[in-house]
C-alpha cells in the first residue's frame, strides 16, 4: 500500500491512498509543487484493504481490525468528556481527490474516538464498528 502523507508544520493529512506503486507515483507527481514539497509517499508493505488509519497528534498509524480493537481496550480514559483520543478512518479502496495534494480527509469514512464512543464500545462491542460502517 502506498500512502501520500502531508506534514506542513501546522497540519497533517493524507492526500492519497493507492494500492499500486506506479499509480501512487503518478498521483504524487500530479500534486502542485507548492503542496508537493511537504508530502511524501509512505510504503506499508503489510497493509491491504480494508484497513484503518489512526490519526493522533499530527501522525498516522495504519492498522488492521484486530489491532484497532486492541487499541480501544488500551485507552486510559480521561475525565474530560470533550477529549478526542484520536480520529479513526476506515478505508476499503484507493483514495485520491480530484484536486491533488489537498486535505479532503473529511470525506473518508471516519469517527472521533472519545469517551462516548468508548462507553458505547463497552456496551455493544465489535458490532458498534459495523453499525457505524467502520467494519
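Read-outs throughout are calculated quantities, based only on the coordinates presented, and are distinct from any laboratory measurement. Everything numeric in this text was worked out from a predicted model, so none of it was measured. We place every Cβ from the backbone using ideal geometry, glycine too, and count neighbours over all the protein chains shown.
Against the longest alpha carbon principal axis of the chain, how many degrees, from 0 to 90 and to the nearest 10, is the axis of helix 21-30 turned?
Once rounded, the angle reads 70 degrees.
Arrange the following residues from fewest to most other Cβ atoms within 10 Å of their Cβ: 51, 72.
With the fewest neighbours first, 51, 72 line up as 72, 51.
Mind checking the full-extension length gain between residue 102 and residue 25? Use 0.36 nm per residue of separation minus the Cα-Cα distance, one decimal, nm.
Full extension of this stretch gives 26.1 nm more.
For region 2-131, what's the relative contact order in percent, using C-alpha pairs closer than 8 Å and at least 6 residues apart?
It comes to 27 percent, rounded to a whole number.
For 4, 31, which order do you get if you count the other beta carbons within 10 Å of each Cβ and list the fewest first?
31, 4
With Rg/Rh (Cα atoms, Kirkwood Rh) in mind, check (1) 1.15; (2) 0.99; (3) 1.48 and report the label derived from this structure.
(2)
Once both axes come from the Cα atoms, what is the angle between helix 115-124 and the longest principal axis of the chain, in degrees from 0 to 90, rounded to 10?
70
Quick one: order 99, 22, 69 by neighbouring beta-carbon count within 10 Å, fewest to most.
Ordered from fewest to most neighbouring Cβ atoms within 10 Å, 99, 22, 69 come out as 22, 99, 69.
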